[in-house]
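Below: one structure, written as structure tokens.
The values are calculated or read from the model by the stated rules, or taken from the named source; none is laboratory data. Worth saying up front: this structure is predicted, and the values here are computed from it rather than measured. Note that we place each Cβ from the backbone using ideal geometry, even for glycine, and neighbour counts take in every protein chain shown. All accessible areas refer to the heavy atoms of the entire protein, side chains included, with ligands and DNA or RNA removed. Shrake-Rupley method; radii C 1.70, N 1.55, O 1.52, S 1.80 Å.
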Amino acid sequence: NLTYSKPYKWNEKIDANYNGVYVISLSPDPTKNLAIDEIDVSTDAFIRWLKEAPNLEIDNIKVSNIEQVKTYLNKFWHKSENIIYIGESTSKTNPIQKRINQYYIHKVGQKGPHTGGYWVKLLSCLDDLYIYFAKCSNPREMEFKMILRFSELLSGNRLFEIDNLAINFPFANSKVDLFKKNSIKNHINTNKRKERNGS
């Protein structure tokens, strides 16, 4: 029952100086489900990721080629669905427009400013994505409800009938009180600020 915005193209400036929820989608039309069968991973994003996280592992195997990432992420891809991430902005100092801009500028492998949903930043179709947002007074609760409803609709079952709820989260949502189990390790850099006197 939220009033949502028009679709904004990825990297388009957003005017939303308030808190609320947002959705990242493949579709420029909220009435049309423009889904794709599988994803491709951006070569540039992959190279940057390995540079930031050289000890990256998937299934306990050190990542050395892009096909490892593509094959693994496609296990979580919902080919019948266009919504790939649901997020929220709660902080008074971090309204929707600032939170989404943090997503735009985030580099995969870095610790911030928007580590959540970083799988989106690996997609070769990144520039073809769309963002919708809505103002609300309880963004965290609303985000949680939206993800649970997404899981119900995707699985075709009611919540208490779903055996593995997290596997039915949108593609890039890795947690919302529950964690989506995955075997990606060392995905962000371990750089620490150097202390004085070389210690």
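Glu81 passes every criterion in (1) assigned to a helix (DSSP H, G or I); (2) within 17 Å of the chain's Cα centre (by Cα) apart from (1). Scanning segment 126-137 for residues that are open to solvent by 30 Å² or more (accessible area, probe 1.4 Å) and either modelled with pLDDT of 95 or more or of a type in the set (Lys, Arg) (or both) gives Asp127, Asp128, Tyr130, Lys135. When Trp49 is tested against the conditions (1) among the aromatic types (Phe, Trp, Tyr); (2) under 22 Å from Ser183 (Cβ atoms); (3) open to solvent by 20 Å² or more (accessible area, probe 1.4 Å), the lone failure is (3). Filtering segment 141-189 to residues that are at pLDDT below 80, part of a loop (DSSP other than H, G, I, E, B), open to solvent by 60 Å² or more (accessible area, probe 1.4 Å) and more than 21 Å from Gly117 (Cβ to Cβ) leaves Asn157, Asp163.
Go through segment 84-95 and give me each residue that's open to solvent by 10 Å² or more (accessible area, probe 1.4 Å) and either at pLDDT 95 or above or under 13 Å from the mean Cα position of the chain (by Cα) (or both). If you could, list the steps in order and put the result at the bottom.
Step one: filter segment 84-95 for residues open to solvent by 10 Å² or more (accessible area, probe 1.4 Å), giving 85, 88, 90-95.
If the condition is that a residue be open to solvent by 10 Å² or more (accessible area, probe 1.4 Å) and either at pLDDT 95 or above or under 13 Å from the mean Cα position of the chain (by Cα) (or both), then Tyr85, Glu88, Pro95 are the ones that fit.
Taking every residue in segment 118-139 that is within 18 Å of Lys6 (Cβ to Cβ) and pairing it with any residue that is part of a helix (DSSP H, G or I), at least 6 positions away or on another chain, the pairs with Cβ-Cβ distances below 6 Å are Phe133/Ile96; Cys136/Met142. Pairs linking a residue in segment 2-13 that is within 12 Å of Pro28 (Cβ to Cβ) to a residue that is open to solvent by 40 Å² or more (accessible area, probe 1.4 Å) and in a strand (DSSP E or B), with Cβ atoms under 8 Å and 6 or more positions apart or on different chains, are Pro7/Tyr130; Tyr8/Tyr130; Lys9/Tyr130; Trp10/Tyr130.
Listed by first and then second residue, the pairs linking a residue in segment 34-63 that is of a type in the set (Ser, Thr, Tyr) to a residue that is buried (at least 18 other Cβ atoms within 10 Å of the Cβ), with Cβ atoms under 7 Å apart and 6 or more places separating them unless they lie on different chains, are Ser42/Leu122; Ser42/Leu123; Thr43/Ile66.
Of all residues in segment 8-29, those satisfying the criterion of being assigned to a strand (DSSP E or B) and crowded, with 19+ Cβ neighbours inside 10 Å are Tyr8, Gly20, Val21, Tyr22, Val23, Ile24, Ser25.
Evaluation of Ile47 against the conditions (1) of a type outside the set (Phe, Trp, Tyr); (2) modelled with pLDDT of 95 or more; (3) in a loop (DSSP other than H, G, I, E, B) shows that the sole unmet condition is (3).
For segment 52-76, which residues satisfy the criterion of being of a type outside the set (Val, Ile, Thr), surrounded by 16 or more Cβ atoms within 10 Å (Cβ to Cβ) and in a loop (DSSP other than H, G, I, E, B)? Walk me through it before giving the result.
Applying the first criterion (of a type outside the set (Val, Ile, Thr)) to segment 52-76 yields 52-57, 59-60, 62, 64-65, 67-68, 70, 72-76.
If we keep only those that are surrounded by 16 or more Cβ atoms within 10 Å (Cβ to Cβ) as well, we get 52-53, 56, 68, 70, 72-73, 76.
Ala53, Leu56, Phe76 - these are the residues of segment 52-76 that are of a type outside the set (Val, Ile, Thr), surrounded by 16 or more Cβ atoms within 10 Å (Cβ to Cβ) and in a loop (DSSP other than H, G, I, E, B).
Scanning segment 30-42 for residues that are open to solvent by less than 80 Å² (accessible area, probe 1.4 Å) and over 16 Å from Ile83 (Cβ atoms) yields a total of 3.
Sort out which residues of segment 96-114 are touching a helix residue (DSSP H, G or I) at 6+ places or on another chain (Cβ under 7 Å) and either surrounded by fewer than 19 Cβ atoms within 10 Å (Cβ to Cβ) or more than 20 Å from Ser42 (Cα to Cα) (or both), and write them in order of number. Matches in segment 96-114: Lys107, Gln110, Pro113.
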